[in-house]
1. If B:Asn195 passes every condition in (1) modelled with pLDDT of 90 or more; (2) of a type in the set (S, T, N, Q); (3) assigned to a helix (DSSP H, G or I) but one, which one does it miss?
2. Inside the stretch A:67-92, can you point out the residues that are of a type in the set (Val, Ile, Thr) and under 19 Å from A:Ala228 (Cβ atoms)?
3. Of all residues in the stretch B:144-159, count the ones that are more than 13 Å from chain A (Cβ to nearest Cβ), under 18 Å from A:Val383 (Cα atoms) and either in contact with a Pro (Cβ under 8 Å, 6 or more places away or on another chain) or not basic (Lys, Arg) (or both).
4. Please indicate, with yes or no, whether at least one residue in the stretch B:86-102 is within 14 Å of chain A (Cβ to nearest Cβ), more than 18 Å from the chain's Cα centre (by Cα) and surrounded by fewer than 19 Cβ atoms within 10 Å (Cβ to Cβ).
5. Do we find that B:Phe163 is in contact with a strand residue (DSSP E or B) (Cβ under 9 Å, 6 or more places away or on another chain), among the aromatic types (Phe, Trp, Tyr) and either farther than 14 Å from A:Gly297 by Cβ or within 14 Å of another protein chain (Cβ to nearest Cβ) (or both) in this structure?
6. Restricting the search to the stretch B:164-185, which residues are surrounded by fewer than 20 Cβ atoms within 10 Å (Cβ to Cβ) and either closer than 9 Å to B:Leu204 by Cβ or of a type in the set (A, V, I, L, M, F, W, C) (or both)?
7. Mind counting the residues in the stretch B:189-213 that are closer than 24 Å to B:Leu149 by Cβ and surrounded by fewer than 22 Cβ atoms within 10 Å (Cβ to Cβ)?
Amino acid sequence: MTPRMVLRLAVRDWRAGELRLLLAAVVVAVGTVTAIGLFVDRLREALLSESTTFLGADRVIGSTRPIPEDFRDAARRLGLAQTDVITFPSMLFADESTDARSQLVSVKAVGDRYPLRGVLRVAGEPFGPAGVTDAVPAPGEVWLDSRLFPALDLAVGDTVALGYARLEIARVLVGEPDRGGSVFDLGPRLLMHIDDVPETRVIQPGSRVGYRLLLAGDDGSLAELRAAIEPDLAPNYRWRGIADANPTIGEALDRAESFLLLGGLLAVLLAGVAVALGAHRYARRHYDHVGVLKTLGATPSDVQWGYLGILSVVGGAGVVTGLVLGGLVHQGIVAALAAYLPASLPLPSPRPLALGAVTGFVCLLAFALPPLLALRGVSPMRVIRRDVHAGAASQAFTYGSAAIGGLGLLVWYSGDVFLTLWALVGGVGVCGAFAVLALALLRGGRVVGMQAGSAWRLALAGLQRRYRENVAQITIFGIAIMLLLILLLIRTALLDEWRAQLPEDAPNHFVMNVADDEVEAVQALLATHTDYDGHLFPMIRGRVMSVNGEAAESWAETHRRGPDGPRLRSERNLTWSDTLPDNNVLVEGAWWPEGTDEALISLEDEYAARFGLGIGDELAFDIGGLPVTARVANTRRVEWDSLQPNFFLIFSGGALRDFATTHMTSFHLDAEAKPFLNRLLSEHPTITVIEVDEIIRQVRSIVGRVTQAIELVLGLVLGAGALVLVASIQASHEARLKEHALVRALGGTMRLIAGALTAEFAVLGAFAGVVAVVGAELTVTVLRSQVFELGYELHPWLWLAGPAIGAVLIALIGYLGTRKLVESPPVLVLREL
Amino acid sequence: MNDGSAESPILRARAINKTVPTAEGDLCILDDVDFEAAAGESVAVVGASGSGKTTMLGILAGLDLPSAGDVWLDGEEITALSEEQRARVRGRCIGFVFQTFQLIESLSALENVMLPSELRGDAAARDDALQFLTRVGLAERVTHYPRELSGGEQQRVAIARAFASRPKVLFADEPTGNLDTATGARVIDLLFDLNVESGATLVLVTHDAALADRCNRIVTLEAGRIAA
């Protein structure tokens, strides 16, 4: 056959509606993968740029010594953007009088280009609404944290003294990208221009100063710079990249990306099933067509290449359309999520487009090739004798090809052969189990059907008679519905997990340094103006000196597991309590009785494991120069994400009750209620308030974005699932209709036929629903416990909803798909079939 | 192989056997059948249902292979050819008219008629097709699709398609079986007229005695054997 003829046959088949299903399936497969690919690509870009804001730069060189000029020169030669930052603690005085209020502040002096990544957020008044600025304090100006204003009784426009320099307060500083580290370690921030530093004369030999050189540019130049200066870095200079910045959000994102790709793969596999069904139907409808072509002189090679040509045309058209559709869907998502995404997203790489195109062709080759290649073997005798075997594709070839294609894509997407093999074992197992269940349901249905009305009897008899096809269909429908249910349940699980971790009213402020005599007043203020109803935790700093009489250093050397992390002897925040804190769970041992005089200690379980500590061990502490010894009474698990005050080490009252401590707690405050902090701090100027609402806002925006992406994937998978249903119903409806046309010719009413068909599809759908629910419950239980680390949960509503959804959905699609032919006279139906 | 004799028949079958396996053992459909047709001759094959007419037609036309025996078409032993080669012979030498018309639904009348020539790669496929459609009286219906044509019209398109490939042998399988008497008669007139014009050999399988009588010769099959 000539290419022109192939093209014409393809166009004719398209016009006759023969190729639409096949094309739609390819378009969905390609579109889904492309949209997800493009979106993930850009999401990654966005997240990358967001992570760089944690550094304020792409890379940072940090040190306690001034940055050598050589480093700057090298960066300049490579065309990298750079700016200097100097940090140091200093006392800030409200004015120059001797009795002026003063406070220890954490000074950050920056150059004009600061920050290279991310933005500064400022406000016009303390705790006022924040806005973004691209400026930095001009020489002679400072920007101060809100909490300094009430504490030092200051207002914007006042002049403050820092060392020998007198600087004017120009703005209120709300947020800086590279605040970094633990928020508890920082004093309130003062931001100033780097040119004013010498005038302060604060930096003297021996001062605690941090020097940082912020760098930004392309990865290649940054790597080149690092290679060039590597020999000079150690031991005094530290090179920091994104990986060193706050990684807490990373895990949720990795999980979300796996989910997106998993969802995408499900959509592709569903579309693959639709392609297979569409191609089988197309091939079956072309047996006679091929027979005629062969009698007219078409050779088997002509037939083979002709249909491969048609497949290529469909593939080409499907891939192009799918790429365009994927691009549009992805544009739609970007537009919908514009508020979350950075203003100028870099263009996506071409990889997602290649991913989509390859997926389309692999899908076609793996799922559609076997039935179309089998057309080569159709005997021309079919033209004169309909009973001649058409020579359909061998099952081994059909399923083998689909399995290889599907697995190939799975390996490609997941990059994990082991996972893929498990998926294969699981897939075969699921199909087998589903088929057995489907057969049992069909047999049971027939027995029940004997007692039913005529339409139902006809429907159930039909289902039982064609049990092979119907078992296959129930299995396919079942898997499609199961995948949808799994996605729905996992989405719920993911959202639940995130919501549980970060509820709307999660604490977003910490108050610390509350003295003993202020506790009641602060507690009363918090109780009146916030939703706070807990108590203040006593807090005192101390360090472990020895374990069971052995010096802490040598104990740690022999017992420590894992190389990184703080040392056993590091100074830590300690507290004491008579009761187990709310969000802590005992792992081992027992909590002490209230009011005990015994010196006992409770350890966070991972801390205990890291340092090889267990129940009964005796820990000796140095607390404010006094020795305290306590015996480990229990270990407990702490929800660090809860934003409640959490401690590695909690003593019994007997150990610490008599020490003078400060107190701390956390509470939730809405943005509009923030002026309350002015009052809190002016009445208690020595306490410290730390705002974490900015960080929470960031996390929330990411969670929101990921959620929307998941909803999108769910939508795409639903679309692919619907395609499978349509393809599957189309694939079998000719056989059904022929039978029903005969019944009509024998006197069956149209109503009986329509009823029987609808009933048949409804029963098929309900059975598929039952099968799907069993599969979904099992899968989700495994996923919840193994992947998401959530508890076991049964979904009773699913057992009603699954079969109901299956019955309604498939009856509806089946009814719509067969209505036209049911309504046409039986003679036409019989003649056409 | 070509025996090169001018008197030799265009179509010859020798000692054809066809058996098919069934649950009860092998079933013999054709038993030692010999057949010949000279160039330009018209031969009717008649017989009761199940006598093996259609099977014989399929084997003579190279659509199927016999279990034993050989078939020579235009000097070539088609039973020794592969399916690929037989298809080329069919395209070059044979035309078909079927009881169920066998037009391709997705192609127009013109495209259906052009199909055999296109498969051969003929450049003039379109002109030839138009000429034959005009000859069968369907010049006004060339763009119509099979479902838009009556049964008689569809069979006329099939006849135009069969002759458009300028066959040496035309096989017709119950060509009036799906048509009413009057339409059937008109179609048969057309078939015979075109056959005479083209000089092709006609092998016609039919139940219809009157139709068979219009052929030069009648071969009767009884239970898979040629009746004496």
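The values are calculated or read from the model by the stated rules, or taken from the named source; none is laboratory data. Because the structure is predicted, anything quoted here is derived from the model rather than measured. Cβ placement follows ideal geometry from the backbone for every residue including glycine, while neighbour counts extend to all protein chains displayed.
1. Failing condition for B:Asn195: (1).
2. First pass over the stretch A:67-92, keeping only residues of a type in the set (Val, Ile, Thr): A:67, A:83, A:85-87.
Scanning the stretch A:67-92 gives a single hit, A:Ile67.
3. Residues in the stretch B:144-159 being more than 13 Å from chain A (Cβ to nearest Cβ), under 18 Å from A:Val383 (Cα atoms) and either in contact with a Pro (Cβ under 8 Å, 6 or more places away or on another chain) or not basic (Lys, Arg) (or both): 2 in total.
4. Restricting attention to the stretch B:86-102, the residues satisfying the condition of being within 14 Å of chain A (Cβ to nearest Cβ) are B:86-102.
Next cut, more than 18 Å from the chain's Cα centre (by Cα) only: none.
Scanning the stretch B:86-102 turns up no residue that is within 14 Å of chain A (Cβ to nearest Cβ), more than 18 Å from the chain's Cα centre (by Cα) and surrounded by fewer than 19 Cβ atoms within 10 Å (Cβ to Cβ).
5. On the way: in contact with a strand residue (DSSP E or B) (Cβ under 9 Å, 6 or more places away or on another chain): yes; among the aromatic types (Phe, Trp, Tyr): yes; either farther than 14 Å from A:Gly297 by Cβ or within 14 Å of another protein chain (Cβ to nearest Cβ) (or both): yes.
In short, yes.
6. B:Ala182, B:Ala185
7. Final tally of qualifying residues: 9.
Table: residues versus (1) hydrophobic (A, V, I, L, M, F, W, C); (2) modelled with pLDDT of 85 or more; (3) out of contact with any Pro (no Cβ under 6 Å at 6 or more places or on another chain).
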site	(1), (2), (3)
A:Met5	yes, no, yes
A:Arg12	no, no, yes
A:Ala29	yes, no, yes
A:Glu50	no, no, yes
A:Ala75	yes, yes, yes
A:Val85	yes, yes, yes
A:Asp95	no, no, yes
A:Val105	yes, yes, no
A:Gly111	no, yes, yes
